[in-house]
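Enquirer: First the structure, which I've put down as structure tokens, then a few questions once you've had a look.
The values are calculated or read from the model by the stated rules, or taken from the named source; none is laboratory data. All figures in this text were calculated on a predicted structure; none of them were measured in a lab. Because the Cβ atoms are built from the backbone with ideal geometry, glycine has one as well, and the counts that use them run over all protein chains shown. Heads up: the accessible areas ignore ligands, DNA and RNA and are worked out on the full protein's heavy atoms, side chains in. Shrake-Rupley method; radii C 1.70, N 1.55, O 1.52, S 1.80 Å.
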Amino acid sequence: MKPKLIPSSKASALFIAGFVMLLFLAGGCVAVTAQPDAQPLVQTAQPPEDATPVPQPSASELDQLVAPIALYPDALVAQILAAATYPTQVVEADRWMQQHADLNGDALAQAVDSQSWDPSVKALTQFPSVLQMMDRNLSWTSSVGDAYVNGQQIVLDAVQVMRQRAQGAGNLQSTQQESVTTDGQAISIEPTDPEVVYVPEYDPWDFYGAPVAYYPGWYGVPGLYIDGPGIVFGVGVGIGVFGGFGWGWHHWGADWHRHDVMHDHDRYVSHSPTFINHNDFGHGHPLLAHPGGFPHTEMPHGGFPNGGFTHGGVSGGAPSGIHATPFSGFDHGGVTRSFSARGSASFSGGFHGGGVGHAGGGGHR
């Protein structure tokens, strides 16, 4: 049988269809080979374009925050700054102390040691009035904690500024209870007897020469405040019984030259999840800042470069202020709101001129 011939018109159509098919396949090959140039599935996150830095606190705001504690012994200042980053634990510890008022000495130390609090919070159980002050003024405590987490250097600088102001006003000098020494621009305050600590009582808003604006809603705790000029000391606190524990008095200190709170001879780092670390919002207190600037890690130990504090601090990103989180500022929610059921007395009562008298101890001028 003879093969059936395909008409020329149909042959042309088949030829064109085959050519189109080849082009399609060729295009598919091109598409396949181009696949490696496609965008990766995981891309580097970019910061939002509308992100704005949080304003940093002013020098006057920092002075206002540290005024109530700037004249405390160095180790106590260190404990307070560290514990302020754990405001909920401060509340728990103060309530626990009230519930265990019958404990003292070694029994108290053993019971405290078994708690899960940060070492700084445990350390403050040696000073119940200080712990109570931080609990009653939880807004202030949280603001201090936030400021310390985000600007350790400028907070420690502010303490030094207030000490210099007190010394310049003739209100800070060595006594039978504490030794005041100066190294460059750094003023240190230590107990005269290393086994007995006296917490000074003074008016933080009038003691530094020029008046300091008192913190809103401040609640005065008896035993930590006197209404009038000068400074007094009540009954000393023996800290020997707590010496065997890693959170005890002798494990704390302040390195004013490196701007560090020290614990066990090492730089203390808070692991509290309460506050967001914005990688240092400050460059040192304006009154102490060195104009040239020195990196924090290159600070020579034992002295200030050219006699001044550093201006650089820890390098970091966007600045932050003391109002950066729900814990910052008065009545901004967070811990302040969570524990408001304690009663309005915890956040009221005028500390400045509020009639909170000096309780106990007829101390020394």
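Enquirer: Being closer than 18 Å to Ser60 by Cβ and open to solvent by 10 Å² or more (accessible area, probe 1.4 Å) is the requirement here; does Tyr198 meet it? Talk me through it step by step, then tell me what you get.
Expert: Values: closer than 18 Å to Ser60 by Cβ: no; open to solvent by 10 Å² or more (accessible area, probe 1.4 Å): yes.
No, not satisfied.
Enquirer: Scan the range 132-156 and report the pairs whose first residue is in a loop (DSSP other than H, G, I, E, B) and whose second residue is among the charged types (D, E, K, R), with Cβ atoms within less than 7 Å and a gap of 6+ or a chain change.
Expert: Gly151/Asp280
Enquirer: Also, I was wondering about something else. If you check Leu41, Leu5, Leu14, Leu25, which single one turns out to be on the phi < 0 side of the Ramachandran plot, open to solvent by 100 Å² or more (accessible area, probe 1.4 Å), at pLDDT below 55 and part of a helix (DSSP H, G or I)? Give the steps one after another, and end with the answer.
Expert: Values: Leu41 fails: part of a helix (DSSP H, G or I); Leu5 fails: part of a helix (DSSP H, G or I); Leu25 fails: open to solvent by 100 Å² or more (accessible area, probe 1.4 Å).
Going through Leu41, Leu5, Leu14, Leu25 in turn, the sole match is Leu14.
Enquirer: A further question on this structure: Yes or no: Glu190 at pLDDT below 95, surrounded by fewer than 20 Cβ atoms within 10 Å (Cβ to Cβ) and not hydroxyl-bearing (Ser, Thr, Tyr)?
Expert: No, not satisfied.
Enquirer: Scan the range 96-131 for residues that are among the acidic types (Asp, Glu) and either assigned to a helix (DSSP H, G or I) or open to solvent by 30 Å² or more (accessible area, probe 1.4 Å) (or both) and jot them down.
Expert: Scanning the range 96-131 gives Asp102, Asp106, Asp113.
Enquirer: What's the total number of residues in the range 240-257 that are of a type outside the set (A, V, I, L, M) and in contact with a strand residue (DSSP E or B) (Cβ under 8 Å, 6 or more places away or on another chain)? Walk me through how you get there before you give the answer.
Expert: Within the range 240-257, the first condition is being of a type outside the set (A, V, I, L, M), and the residues that meet it are 240, 242-253, 255-257.
Those left that are additionally in contact with a strand residue (DSSP E or B) (Cβ under 8 Å, 6 or more places away or on another chain): 249, 251-253, 255-257.
The total comes to 7.
Enquirer: Okay, moving on. Please go through the range 69-121 and pick out each residue that is of a type in the set (Ser, Thr, Tyr), under 30 Å from Gln164 (Cα atoms) and within 15 Å of the chain's Cα centre (by Cα).
Expert: Thr85, Tyr86, Ser120
Enquirer: Spot the failing condition for Phe233; the list is (1) of a type in the set (A, V, I, L, M, F, W, C); (2) under 26 Å from the mean Cα position of the chain (by Cα); (3) modelled with pLDDT of 90 or more, and only one is missed.
Expert: Unmet condition: (2).
Enquirer: So, Asp193, is that one within 22 Å of the chain's Cα centre (by Cα) and over 22 Å from Ala59 (Cβ atoms) or not?
Expert: No.
Enquirer: Looking at (1) in contact with a strand residue (DSSP E or B) (Cβ under 9 Å, 6 or more places away or on another chain); (2) crowded, with 22+ Cβ neighbours inside 10 Å, find the lone condition where Asp203 falls short.
Expert: In the conditions (1) in contact with a strand residue (DSSP E or B) (Cβ under 9 Å, 6 or more places away or on another chain); (2) crowded, with 22+ Cβ neighbours inside 10 Å, Asp203 misses (1) alone.
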